[in-house]
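One structure is given below, encoded as structure tokens.
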Amino acid sequence: MAEASNRVLGGPAGVISVLVPLGLFAWLLQFVPAVAAGEVLLWRLDWAPSLGVTLGILLDGLSLSFALLITGIGALVTLYSTRYLGGHPHYTRFVIYLLGFMGGMLGLVLSDNLLALFVFWEITTITSYLLIGFDADQAKARRNALQALLVTGIGGLAFLAGIVLIGTAAGTFEISEIEGSLTGHALYLPIFLLVVAGAFTKSAQVPFHFWLPNAMAAPTPVSAYLHSATMVKGGVYLLARMNPSLGGSEIWFWTLILFGGVTAVFASVLAIRQTDIKQVLAYTTLMALGTLVMFIGLGTAAAIEAAMTFLLVHSFYKAALFLMIGVVDHGTGTRDATILRGLARAMPLTALAAALAALSMAGLPPLFGFIGKEFMYKAALDAPVAVWWVTGCAFAASALMFAAGGIVAWRPFTGKLAATPVTPHEGPWPMLAGPLLLAALGVAAGLMPDHAELLVAPATAAVLGAPAEVDLYLFKEVNAAFILSLLTFALGFVIYLVHAPMRARLAQVPARFDPGWDRLMDGVSDGSKGLTGLIQTGRLRRYVFVTFATLAAVLAWAIWRGGVLPDLPPLEDLRAKHWSVLIFILVGALLTAATNSRMTAVAALGTVGIGVALIFIMFGAPDVAITQLLVEVLQVVLVAVAMLKLPRMKIENVSRLRGWDMALALSLGALTSLVLLAVMQAPLDLRLTAFFEATSAPIAHGRNIVNVILVDFRALDTFGEIAVVAIAALGAYALLRGTRRARP
């Protein structure tokens, strides 16, 4: 019995991988009645109180819909994986990656705090990288995983910047506390651009679409999960979640409907071009994502209702079809649409799941896909602006989806059985349970759409930011939307009949985006090598010169930006002791710059440090002066000892460089002095000083405020400084000790 369990469920790792999402799904179901009644549930836990960051769970219609899809489909995908990958030597690692990804997605859709949401956003980025590159011995998997990581990671950084600006504009990072729209705020445009950059890269909108089909390098269960319910819908979730705050503006409307519409149609055309049925589905995912973005941008109540309905429609049929393709690949050894034929007799259950899911994707009644398509047409035709654009894009994409459904689920199962690398056979029950159940849900939701309203209605209200009336139905009357559906079926059937010559023509069009990515990465690599050769010369003098030149430039920019030069202090305030110390420091500096002896230069530089210590003493900081004095003495001693151990070096051709050094030194000294004078003349904020004065004795039990700050309030900082000095000392000792060895 134990051996049978291990064989079916992949051992303990497989059992855990199924029970975890199944348990979470069951737990989330209890909140459906409350959320459907209009309640918004919120739990909060302090995460970083000093930064105002809480780990809050926001459960409304939108987040609950996504969470149920993530856990429900996740349970079916993990069950599927127990047989698809249960015998893989790294199956346990795969389960860890997949559950980590699932946790990241749940955190993303349930987080009320935007900073916490970003943390989970990046968790999905990293774990998807690990999942896409799971077959790490294949160069293609490594390359495509890195591509997905870089594209979505760069977009994530833009999203983080947008979060910071949202916190500044709204005064809070809590999504539930953002009151009203931010469209009239001065920061709205940069917020919009940054948030849309994160959403578009995550949900693969043109021109960032190319990474998503390449993510098919992942195992089939991962593809089914990413494309149906999780990562690729993360950007759609972000746009839907931020719609009450950022939606409604002209730039929001036009950007989303234009990019969404182009993505939907462009991806649908590319789907016809593919011969790998898994790639066909990958491009139809792009179509669905573009459609969702377009209708969120449209922003009317009908458009949001259509988008939330299609969100469920797509999740059901896409997961079912991806899992079905895995069964076909497992049972025949190929996914080539030009080879597969007549599989229905050998794989009847797989054929049934494929037919039901594909009919929903094609939008035929009485499937749930028909309702989704009807409501999209209805919303498009009722759009206040851009009716022709939205309706035309939805119509073209739907017709092409009809044809894609035939390529994926009709042609491989009909006709005469073709020869395949493996004799066709039905898949095991863990691999069939998912596609059959999801396909059946598509039928049930179509026949009983009032049950789907339990999720669609509160999700629509959450995206609109206001109560919404939702009435899903299969058919009421013959209207313009219904006529468009009939035309969609006709055009889609024609496209399916001629898809073979269309594919041949489309195959002649060279790909631009993916090869362009490779050229971009090659350019980055070549540029990095050139920059490294320019900067990393191996000459310490150049490193020091560039560092201080950069500092001088920054100081000059700061002074220029300020626009006001500080007033010079009156020289009559300087006494004889001040002048003597100043002359002492100046002589040491001049001697350091003029001498050709390195030992003399080190000693002269030490006198400069001693002069600085004298300044500290004169202005009432003896403890700082002692520290300065000890550091200078120790530096001179250590450098002197080191020079005795180092080989002699001949200094050549340095005289011509002294002019640049002098100019840099004088300019940096002058700029630093100006900045310090400006700081001293500005009004000081003494709140921190007052805090240390008031708390040093009662809290840290010390009356020397400087010592208390270093030892107690900045204990970790001081410990870090001590560690750095200790490591440097050990490194110096190892270097000096190594010079004793005889050299060849």
Can you tell me the equivalent ellipsoid semi-axes for region 174-216? Use √(5λ) from the Cα gyration tensor, largest first, whole Å. 29, 13, 6
How large is the direction-averaged shadow of the alpha-carbon convex hull of region 521-588, in nm²? 8.4
Taking the Cβ of Asp526 as the centre, find all other residues whose Cβ is under 13 Å away and add up their charges (Lys, Arg: +1; Asp, Glu: -1). 0
Charge sum, other residues only, whose C-beta stays under 15 Å from Ala48's C-beta, Lys/Arg counted +1 and Asp/Glu -1: -2
Gained length - Ala139 relative to Arg598, 0.36 nm times residue gap less alpha-carbon distance: 159.9 nm
Inter-part distance where region 199-265 and region 312-326 are each reduced to a Cα centre, Å: 17
Quick one: the Cα spread of region 24-161 along its three principal axes, in angstroms, biggest first? 48, 36, 21
Show me the GluC sites (Glu not before Pro) within region 175-272 that DSSP assigns to loop and that have at most 14 other Cβ atoms within 10 Å of their Cβ. Glu179
Mind running the shape call on region 198-254? Use the C-alpha gyration tensor, a ≥ b ≥ c as the square roots of the eigenvalues: rounded below 1.5 for a/c, prolate if a/b tops b/c, oblate otherwise. oblate
Give me the one-decimal nm value for the distance between modelled label points at Arg505 and Ala480, 7 Å along each residue's Cα-to-Cβ direction. 3.0
Give me the Å³ per residue figure for the convex hull around the C-alpha atoms of region 112-202. 73
Any of Lys202/Lys318; Lys233/Lys318; Lys140/Lys202; Lys140/Lys416 with alpha carbons more than 23 Å apart? Name them for me. Lys140/Lys416
So if we plug the beta-carbon distance of Phe489 and Leu716 into 1/(1 + (r/R0)^6) with R0 = 56 Å, what FRET efficiency do we get, rounded to 0.05? 0.25
Which of the lysines could a cross-linker bridge to Lys476, judged by Cα under 25 Å and excluding same-chain residues fewer than eight apart? Lys373, Lys378
For the ranges 417-426, 209-218, what's the packing order if you count other beta-carbon atoms within 10 Å of each residue, average per peptide, and put the highest first? 209-218, 417-426
What number comes out for the charge environment of Gly333, summing +1 per Lys or Arg and -1 per Asp or Glu over other residues with Cβ under 15 Å away? -1
When you have a sec, figure out the Kirkwood radius of region 62-140 from all distinct Cα pair distances and drop it here in Å to one decimal? 13.4
Give the calculated FRET efficiency between Arg737 and Ser667 to the nearest 0.05, with a Förster radius of 45 Å applied to their Cβ-Cβ distance. 0.65
Projected area, mean over directions - region 248-497, Cα convex hull, nm²: 12.6
Here the Kirkwood hydrodynamic radius of region 588-734, Cα-based and in Å, equals 18.9
Mind checking the full-extension length gain between Thr550 and Val40? Use 0.36 nm per residue of separation minus the Cα-Cα distance, one decimal, nm. 178.3 nm
Inter-label distance for Gln635 and Ile16, nm, one decimal - labels placed 7 Å from Cα along Cα-to-Cβ: 5.4
At each listed q (0.13 Å⁻¹), what is the log10 of I(q)/I(0) that the Debye formula gives for region 9-103 modelled as equal alpha-carbon point scatterers? -0.56
Table column - 3J(HN,Hα) (Hz), region 277-282, Karplus curve with 6.51, -1.76, 1.60, x for Gly and Pro: 5, 5, 5, 4, 5, 4
Can you tell me the order of 598-604, 183-189, 722-728 when each peptide is scored by its average per-residue count of other Cβ atoms within 10 angstrom, highest first? 598-604, 183-189, 722-728
Here, region 151-293 modelled as identical Cα point scatterers in vacuum has Debye log10 I(q)/I(0) at q = 0.11, 0.12 Å⁻¹ of -0.42, -0.49
Length gained when the stretch Val587-Ile126 is fully extended (0.36 nm per residue, less Cα-Cα span): 160.2 nm
Restricting everything to alpha-carbon atoms, can you work out Rg to Rh for the chain with a Kirkwood hydrodynamic radius? 1.10
Working note, region 431-493: Cα radius of gyration (Å, one decimal) and Dmax (Å, whole number) are 15.4, 41
Low-density loop trypsin sites (Lys or Arg not before Pro), region 371-454, at most 11 other Cβ within 10 Å, DSSP non-H/G/I/E/B, are Lys416
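Values in this text are rule-based calculations from the coordinates and carry no lab data. On a predicted model such as this, the values are computed, not experimentally measured, just so you know. Using ideal geometry, Cβ is built from the backbone for each residue, glycine included, and neighbour counts are taken over all protein chains shown.
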